[in-house]
Amino acid sequence: MTRKPLGSAVALVAALVTLLAGCGSLAAASKPDDGPVDRTGMTIGPGITPNSIQLGVLTDLSGPYAPLGRSVLQAERLYVDQVNASGGVCGRKLKLLVRDHGYSVDKAVVQYMDMEPSIAAMPGLLGSSIINALMSSIGTDEVMTMALGYSSTLLGQPTLQTISATYDIDMINGLDWAAATYGLKRGDKVGYIYLKGDYGHNALRGAKFVAHEKRLKLVSHEISEDQDDVSAQVHDLAAAGVKAVLITASPEQTASAVGNAAAQGLLVPFLSSAAGFHPQMLKSPAAPAVLSMLHLVAPTPALTDKAPQIEKLVEEYQKHYPGQPLDQGVENGHNTMAVAVQDLKEACADKDLSREGIIAAHRKLTGFDPGMGPALDFSDPWRPSATQSYILKPQKDVPGGLVDVKGPFKVAAVEKYLSMI
């Protein structure tokens, strides 16, 4: 290498100083990790163009939860279409980048890696095992994500949000209601059939808390996802003399449990988590038993609720998707997209559409009412965004196959439980 004269080096440094001074306004306006600032002074990040905001949806459209995934996605698309028809957000139209993981973790990981660089946020991520596999990456990449899973084990993640009450909170409210309604008393046995994994275990945790508080005896049976016939578990609960049965499983498993209970003479009330019901159950051989023996505890009201927003959603969904079944996933899709859009509006007002700006905007939302359930508070990532629940009952020939029985309500045990975890 040839050594340069000292004078040349001094001249080079002086030139650099002059150049940086001239660019000082740009350097001051930029944030090193958040992306560039556009000509309007808006900080932007991945998925943001002058004309559009691209959002990611990673869901199940071909696997075991395809009916739920489809209704959620259609409600999300309906919401996006309505927002775009009204001018979009921040002068930009919303676009959805959708991928179907078919409930395969390996497939979902590859799809996430492919979509992540080109999305601003992810308002739809379905599946407990999928969420757990991607949780670390979502945090590292700072992708604000709405989880279509409601386990309290997902709390405490700055970039991951459960919408509404978690499974354990719902079951605390539900079992407390059931104990009062069904006249359960100290020492009574209550059966519990629950699915292996976050969904079942988290709901079981809430039930155990209430059972301990009320001195009830839980007789529990864990089942696997591929176990559609639960007649053996029902037989064991009947032999144990249970006075009621809780169930946190798939709709097929719930129908099997209730139908077998009726067939075996175990004519006791059943209380299911919301995800354990689908309107198709009312066309199955178990329908008479489901109609007479089953209630649900849910984070949102039935689609037959008279709230104006719900009536409007049902009307517009049926108009846009004629012949498609209505279920609680329609409300879930509406709520998740409503939250995502409000995040973007808040971030726009703050002149920061970077991923960091969207996260900050989300945590500013308190008392946000999407029109489908209780108001939501996202200020503390360690608390559920809502702690109220609804009791629903199956009914034929109504939208969604459910009607309201009670709610929204929260029992005193909820705050005691939250103070201990």
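The values are calculated or read from the model by the stated rules, or taken from the named source; none is laboratory data. No experiment lies behind these values; they were computed from the predicted model shown. Here the Cβ positions follow ideal geometry from the backbone for every residue, glycine too, while neighbour counts run over all protein chains shown.
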Original post:
Looking at (1) without any contact (Cβ under 8 Å) to a residue 24 or more places away in the chain; (2) farther than 23 Å from TYR150 by Cα, which is the only condition LYS243 fails?
Top reply: (1)
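Select, from VAL258, VAL234, the only residue that is part of a helix (DSSP H, G or I), in contact with a Phe, Trp or Tyr (Cβ under 6 Å, 6 or more places away or on another chain) and surrounded by 23 or more Cβ atoms within 10 Å (Cβ to Cβ). Can you show your working first?
On the way: VAL234 fails: in contact with a Phe, Trp or Tyr (Cβ under 6 Å, 6 or more places away or on another chain).
Of VAL258, VAL234, the one residue that is part of a helix (DSSP H, G or I), in contact with a Phe, Trp or Tyr (Cβ under 6 Å, 6 or more places away or on another chain) and surrounded by 23 or more Cβ atoms within 10 Å (Cβ to Cβ) is VAL258.
Here's the yes/no breakdown for (1) out of contact with any Phe, Trp or Tyr (no Cβ under 6 Å at 6 or more places or on another chain); (2) outside any helix (DSSP H, G or I); (3) among the β-branched types (Val, Ile, Thr):
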residue: THR254; (1), (2), (3): yes, no, yes
residue: VAL268; (1), (2), (3): yes, yes, yes
residue: ALA275; (1), (2), (3): yes, no, no
residue: LEU282; (1), (2), (3): yes, no, no
residue: PRO285; (1), (2), (3): yes, yes, no
residue: LEU291; (1), (2), (3): yes, no, no
residue: VAL297; (1), (2), (3): yes, yes, yes
**OP:** Would you check which residues across region 95-127 are closer than 21 Å to GLU142 by Cβ and touching a Pro at 6+ places or on another chain (Cβ under 7 Å) and list them?
**Re:** PRO117, SER118, ILE119, ALA120
**OP:** Specify the residue that is farthest from LEU97 (Cα to Cα); the eligible residues are those in region 26-68 that are among the small types (Gly, Ala, Ser) and at pLDDT 95 or above.
**Re:** GLY45
Original post:
Among strands (runs of 3 or more DSSP E) lying entirely in region 121-211, which contain 2 or more residues that are assigned by TED's automatic domain parsing to the domain that holds VAL339, under 13 Å from the mean Cα position of the chain (by Cα) and of a type outside the set (D, E, K, R)?
Top reply: 121-126, 145-148, 160-162
Original post:
For the subset of region 329-382 comprising residues that are in contact (Cβ under 8 Å) with a residue 60 or more places away in the chain and of a type in the set (Phe, Trp, Tyr), which member is surrounded by the fewest Cβ atoms within 10 Å (Cβ to Cβ)?
Top reply: TRP382
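Just to confirm my filter: which helices (runs of 4 or more DSSP H) fall fully inside region 318-421 and include at least 2 residues that are at pLDDT below 95?
The helices (runs of 4 or more DSSP H) meeting that bar are 328-349, 413-420.
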